[in-house]
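The values are calculated or read from the model by the stated rules, or taken from the named source; none is laboratory data. Bear in mind that the values here come from a model prediction, so they are computed numbers and not experimental data. Don't worry about glycine lacking a Cβ; one is built from the backbone with ideal geometry, like all the others, and counts go over all protein chains shown. To get the accessible areas, we keep the full protein, side chains included, count just its heavy atoms, and leave off ligands, DNA and RNA. Shrake-Rupley method; radii C 1.70, N 1.55, O 1.52, S 1.80 Å.
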Amino acid sequence: MTNVGTAYLVGGGIASLAAAVFLVRDAGVDGGSVRVLEELPVAGGALDGSGDPVKGYVTRGGRMLEEEAYVCLWDLLDSVPTLTDPDTTVKQEIWDFNRTWRTKAGARLVNARHEILDAADLGLSARDRAELFRVLALPERVIGSRRIDEFFSEHFFTTNFWAMWRTTFAFQTWSSAIELKRYLLRFTQEFPRIHTLAGVRRTVLNQYDSIVRPVQKWLTDRGVVFEYGTTVTDIDFEQEGGARRVTRLVTQHGPRDLGPGDLAFITLGSMTSDSTYGDDDHAAELIRDGRDGGFRLWRNIAGKAPDFGRPDVFSGNVDQTKWVSFTLTMRSPLLLRRIEDFSGNAPGTGALMTFVDSGWLMSIVVPYQPHFAGQPDDVFTLWGYGLFPDRPGDHVPVTMAQATGQEMLTELVRQLGFEDDLEEIRRTTKVIPVMMPYITSQFQPRGVDDRPLVVPKGAANFAFLGQFTEIPEDVVFTVEYSVRGAMHAVYGLLGVDRKIPGIYHALADPKVAFEALKTALT
């Protein structure tokens with residue numbers, strides 16, 4: 001066992017959970033020395049899944065995984081058994097499931113006339129391609145804090161390629177051009193299959209039930225302690241020579257002083273901070289005042305060192321970073337059957353369907369059923385979101401941000417052209433909308449120094465975790481980013497002699513690069 005006093009993990013999201021696994025599995029730290037400090041009464045962070053068949057189920061978002069790019073996540077999950085079979089790892093369960101239930105979207109893009117578009121026709125002009133290649137060629141320091149729409153002409157934003165790329169990854173025209181460049185490089189292998197999303201891998205259930213719960217059980221079985229209802233509001237540091245150390249964690253219950261052998265792994269910011277929930281008859285409230293403190297800790301420590309990042313770059317414009325999602329809980333299979341007949345996709349095989357002409361730019365996913373642990377056989381779920389929450393609907397006279405659950409359902413059914421079954425679908429469906437003010441905050445235009453390194457220079461007993469740290473070449477808004485950062489944090493601080501899986505570079509594979517280039521040029 002590695003001689004560590006107490007390793008404090010600030011935040012209970014997937015980054016902290018992964019760091020806890022790596023501390024125990026790879027660094028040899030005793031599980032009883034690891035403590036997860038979480039503000040909420042549940043772990044998992046953005047990987048959520050809750051509810052019941054009566055009140056309704058809800059997930060704030062869904063994560064699309066990928067075999068080639070998610071190497072650190074697979075490394076993590078290959079050590080964790082499922083909850084149902086101790087001889088099967090979570091990784092193996094996911095891979096086996098996706099071999100049986102393959103994704104191949106038959107209706108990736110749908111227009112206002114309820115017609116399925118030929119999404120294989122990307123619609124890129126010679127100028128669009130030149131602009132794409134220019135972004136790929138420019139160094140990040142040259143791109144700087146400029147937006148995507150500063151690099152492309154108007155036509156690019158009318159193409160099928162942009163409609164699919166933006167809704168698959170949740171980009172806005174004002175998002176960071178650096179992040180777009182990284183995504184284009186990281187997911188080059190998706191170019192030939194972006195119209196079917198055949199590269200997508202899904203968990204059997206939602207990510208909380210399929211990933212978080214097994215990981216948490218693995219940790220608690222090894223003595224890791226979870227302290228819920230604990231909010232770290234500030235952190236004290238000291239510097240001696242070139243070494244910097246955390247000396248105290250300030251919580252609402254009092255200070256935690258760190259001794260010579262103690263460590264602190266600190267999650268910065270939260271994309272799901274201040275999330276609120278509505279219902280059939282009420283819209284989800286938009287909170288602008290940072291009520292739950294998801295960014296407060298980062299703001300409090302950012303002023304203590306110039307290399308601790310700039311949180312306001314990411315959290316300072318809610319109207320640019322918010323969107324709304326919704327989860328349907330249906331007591332009738334009617335809607336799913338209509339969608340299957342329309343798209344040709346059984347639940348779990350269609351990935352994302354986007355209504356390209358909708359005012360809300362609405363997209364939906366019909367997951368494999370059941371999607372929640374304990375979900376009855378006669379109850380069904382569907383998830384959706386809209387990238388334009390402040391625009392009015394096409395079939396309801398309110399913005400998506402103002403819409404109740406039933407208004408969102410009405411908009412969806414009419415986007416599909418299923419008005420003849422609207423009343424029956426409404427009668428048998430509960431809808432839970434979710435407002436997330438900071439859900440794409442990690443995509444905000446930024447300079448190259450606006451995010452701190454995972455292990456800052458001179459850090460002797462602390463590291464940063466989460467979506468707002470800087471990991472060269474990797475892409476935020478992915479589970480992989482959080483897990484890779486956790487690996488860097490643990491291995492870097494404790495000198496773990498184990499290689500971190502390399503970032504997948506599709507362009508290094510001649511066959512993959514050729515297929516991607518052929519797709520982009522035709």
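Could you grab me the full set of residues in the stretch 317-335 that are farther than 19 Å from residue 401 by Cβ and open to solvent by 10 Å² or more (accessible area, probe 1.4 Å)? Listed by number, the residues that qualify are 331, 332, 333, 334.
Counting just the residues of the stretch 334-355 that are of a type in the set (Ser, Thr, Tyr) and not in a loop (DSSP other than H, G, I, E, B), which one comes out nearest to the chain's Cα centre (by Cα)? By that ranking, first place goes to 354.
Which residue is most open to solvent (accessible area, probe 1.4 Å), if the candidates are limited to the stretch 373-392 and must be in a loop (DSSP other than H, G, I, E, B) and under 21 Å from residue 353 (Cα atoms)? Checking each candidate, the answer is 391. Residues that are in contact with a helix residue (DSSP H, G or I) (Cβ under 8 Å, 6 or more places away or on another chain) and part of a loop (DSSP other than H, G, I, E, B) were ranked within the stretch 15-41; the one that is most open to solvent (accessible area, probe 1.4 Å) is 30.
The listed residues are 49, 12, and the only one of them that is touching a helix residue (DSSP H, G or I) at 6+ places or on another chain (Cβ under 6 Å) and either open to solvent by less than 20 Å² (accessible area, probe 1.4 Å) or of a type in the set (Val, Ile, Thr) (or both) turns out to be 49.
Note on the stretch 147-160: residues that are surrounded by fewer than 22 Cβ atoms within 10 Å (Cβ to Cβ) and in a helix (DSSP H, G or I) amount to 8. So, in the stretch 448-475, of the ones that are more than 15 Å from the chain's Cα centre (by Cα) and closer than 19 Å to residue 69 by Cα, which residue ends up most open to solvent (accessible area, probe 1.4 Å)? If we take residues in the stretch 448-475 being more than 15 Å from the chain's Cα centre (by Cα) and closer than 19 Å to residue 69 by Cα, then 473 is most open to solvent (accessible area, probe 1.4 Å).
Tallying residues that are over 19 Å from residue 201 (Cα atoms) and of a type outside the set (A, V, I, L, M) within the stretch 345-369 yields 5.
If the condition is being among the basic types (Lys, Arg) and under 21 Å from the mean Cα position of the chain (by Cα), then the stretch 476-522 contributes only 484.
Within the stretch 237-258, the residues that satisfy the criterion of being closer than 25 Å to residue 31 by Cα and in contact with a strand residue (DSSP E or B) (Cβ under 6 Å, 6 or more places away or on another chain) are 245, 246, 247, 248, 249, 250, 251, 255, 256, 257, 258.
Considering 85, 75, the condition of being of a type in the set (Asp, Glu) and part of a helix (DSSP H, G or I) is satisfied by 75 alone.
To keep it simple, each residue is scored yes or no on (1) touching a helix residue (DSSP H, G or I) at 6+ places or on another chain (Cβ under 7 Å); (2) at positive phi; (3) β-branched (Val, Ile, Thr); (4) buried (at least 20 other Cβ atoms within 10 Å of the Cβ).
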| site | (1), (2), (3), (4) |
| --- | --- |
| 89 | yes, no, yes, no |
| 92 | no, no, no, no |
| 109 | yes, no, no, yes |
| 116 | no, no, yes, no |
| 119 | yes, no, no, yes |
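Applying the criterion of being out of contact with any helix residue (DSSP H, G or I) (no Cβ under 8 Å at 6 or more places or on another chain) and either without any contact (Cβ under 8 Å) to a residue 60 or more places away in the chain or in a loop (DSSP other than H, G, I, E, B) (or both) to the residues of the stretch 393-406, the residue that is farthest from residue 163 (Cα to Cα) is 404. Within the stretch 149-179, being within 19 Å of residue 438 (Cβ to Cβ) and either of a type in the set (A, V, I, L, M, F, W, C) or free of Cβ contacts under 8 Å to residues at least 24 places away in the same chain (or both) holds for 169, 170, 171, 174, 178. For the stretch 435-455, the criterion of being within 30 Å of residue 268 (Cα to Cα) and free of Cβ contacts under 8 Å to residues at least 60 places away in the same chain is satisfied by at least one residue. You will find that of 487, 435, the residue that is at pLDDT 95 or above, over 30 Å from residue 286 (Cβ atoms) and either surrounded by fewer than 19 Cβ atoms within 10 Å (Cβ to Cβ) or touching a Pro at 6+ places or on another chain (Cβ under 9 Å) (or both) is 487 and no other.
Taking first residues from the stretch 500-512 that are of a type in the set (Gly, Ala, Ser) and open to solvent by less than 50 Å² (accessible area, probe 1.4 Å) and partners that are in a helix (DSSP H, G or I) and at pLDDT 90 or above, the Cβ contacts under 6 Å between residues at least 6 apart in sequence or on separate chains come to 506/188; 506/189. Within the stretch 206-235, can you find the residues that are open to solvent by less than 50 Å² (accessible area, probe 1.4 Å) and over 18 Å from residue 15 (Cα atoms)? Hits for the stretch 206-235 are 223, 229, 233, 234, 235. Selection of strands (runs of 3 or more DSSP E) fully inside the stretch 227-333 by the criterion of at least 3 residues being free of Cβ contacts under 8 Å to residues at least 24 places away in the same chain and either touching a Gly at 6+ places or on another chain (Cβ under 6 Å) or not aliphatic (A, V, I, L, M) (or both) returns 232-240, 254-257.
The one condition from (1) assigned to a loop (DSSP other than H, G, I, E, B); (2) exposed (fewer than 13 other Cβ atoms within 10 Å of the Cβ); (3) of a type in the set (Lys, Arg) that residue 127 does not meet is (1). Do we have residue 445 as open to solvent by 10 Å² or more (accessible area, probe 1.4 Å), part of a loop (DSSP other than H, G, I, E, B) and farther than 29 Å from residue 309 by Cβ here? Here the answer is no, as residue 445 does not meet what is asked. The set of residues from the stretch 328-350 being closer than 22 Å to residue 104 by Cα and among the β-branched types (Val, Ile, Thr) comprises 339, 349. Of all the residues in the stretch 161-205, those that are surrounded by 21 or more Cβ atoms within 10 Å (Cβ to Cβ), among the aromatic types (Phe, Trp, Tyr) and assigned to a loop (DSSP other than H, G, I, E, B) number 1.
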